[in-house]
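See structure below.
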Amino acid sequence: MKVPIMKNVLAANEVIAEELRTWFESTGIFVVNLLGSPGAGKTTLIEQTLERAGDRLRIGVIEGDIATSLDAERIARHGAPVIQINTGGACHLDAAMVRNALGQLEVSYLDILMIENVGNLICPAQFDLGESTKVAICSLPEGADKVLKYPAIFSAVSAVVLNKLDLLEHVDFNRINFKLSLAELNPSARLMELSCVTGDNLEEWLEWLNEGVYKAKQQYPRGGESRSPA
């Protein structure tokens, strides 16, 4: 019975996700679903984005964690609107959780909504949140085999951020194997190698975000339905 139940759960999630996507598109918001392991640097990447682009891009954040509001508190210190979702044990966010969070976060005026999913390289791949794009972030200490071991995540994303490049001399990480694995699994995925600690190559990430914002506004100009689906 587990397979039919899971199919029903995913089908119900898809209905809400499409509702969210329609609304996001009608308001011209670029929505990024950020996926990655615990400790990969998801929150730090968002913090660096706010520090470097928060004065020219209006960015809101939804933080997903099993427990605590620690990440939301970090984001709030940068002055960005943020809502914490605690799943209470679930290993991923789903569309219903995001829809409920929108009722507490005024997002219709935003350029970017960043959704930091629960730290996990398995479950989040199955649940559409109505996002514009999925991005996977991984770090050198995790090892170069993650693309091969977790293909569902890496095949679903449009971009991959390889973080903690400053540790390259201190960890055993084969960049060539990582790049080849990604190119074979998902040749269209944009790979951005950077360090959130030193700031190296962060401009490429910011340029990628700007491109996404531009496309969202061009394809879905503001002036459509602005009422939140929450």
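The values are calculated or read from the model by the stated rules, or taken from the named source; none is laboratory data. Here the structure is a predicted model, which is why all the values come from computation and not from measurement. Virtual Cβ from ideal backbone geometry, glycine too; neighbours counted across all protein chains shown.
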Open item on the list: Please go through segment 74-116 and give me each residue that is within 18 Å of the chain's Cα centre (by Cα) and without any contact (Cβ under 8 Å) to a residue 12 or more places away in the chain, ordered by number.
Closed with: ALA76
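Please work out if ASP55 is acidic (Asp, Glu) and part of a loop (DSSP other than H, G, I, E, B).
Numbers: acidic (Asp, Glu): yes; part of a loop (DSSP other than H, G, I, E, B): yes.
Taking the combined requirement at face value, the residue satisfies it.
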TODO: Just one of (1) modelled with pLDDT of 95 or more; (2) under 16 Å from the mean Cα position of the chain (by Cα) trips up VAL171, so point out which.
DONE: (2)
TODO: Could you figure out which of (1) under 16 Å from SER195 (Cα atoms); (2) part of a loop (DSSP other than H, G, I, E, B) isn't true of THR43?
DONE: (2)
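To keep it simple, each residue is scored yes or no on (1) farther than 18 Å from ALA125 by Cβ; (2) at pLDDT 95 or above; (3) not polar (S, T, N, Q).
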position	(1), (2), (3)
ASN8	yes, no, no
VAL31	no, yes, yes
THR44	yes, yes, no
GLY54	yes, no, yes
GLY60	yes, yes, yes
SER69	yes, yes, no
GLY79	yes, yes, yes
- [ ] Would you mind finding the one in ALA152, ALA136 that is aliphatic (A, V, I, L, M), under 30 Å from GLU14 (Cβ atoms), exposed (fewer than 15 other Cβ atoms within 10 Å of the Cβ) and at pLDDT 95 or above?
- [x] ALA152
Task: Index of the failed condition, GLU18 passing every other in (1) assigned to a helix (DSSP H, G or I); (2) over 22 Å from HIS92 (Cα atoms) - done: (2)
Task: Condition broken by LEU105, with the remaining ones in (1) touching a strand residue (DSSP E or B) at 6+ places or on another chain (Cβ under 7 Å); (2) within 19 Å of ILE46 (Cα to Cα); (3) crowded, with 20+ Cβ neighbours inside 10 Å satisfied - done: (3)
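Can you tell me which residues in segment 194-216 are surrounded by fewer than 19 Cβ atoms within 10 Å (Cβ to Cβ) and within 18 Å of LYS134 (Cα to Cα)? Don't jump to the end; show me each part of the working.
Let us first name the residues in segment 194-216 that are surrounded by fewer than 19 Cβ atoms within 10 Å (Cβ to Cβ), namely 197-201, 203-204, 206-208, 210-211, 214-215.
Those that are surrounded by fewer than 19 Cβ atoms within 10 Å (Cβ to Cβ) and within 18 Å of LYS134 (Cα to Cα): GLU204, LEU206, GLU207, TRP208, ASN210, GLU211, TYR214, LYS215.
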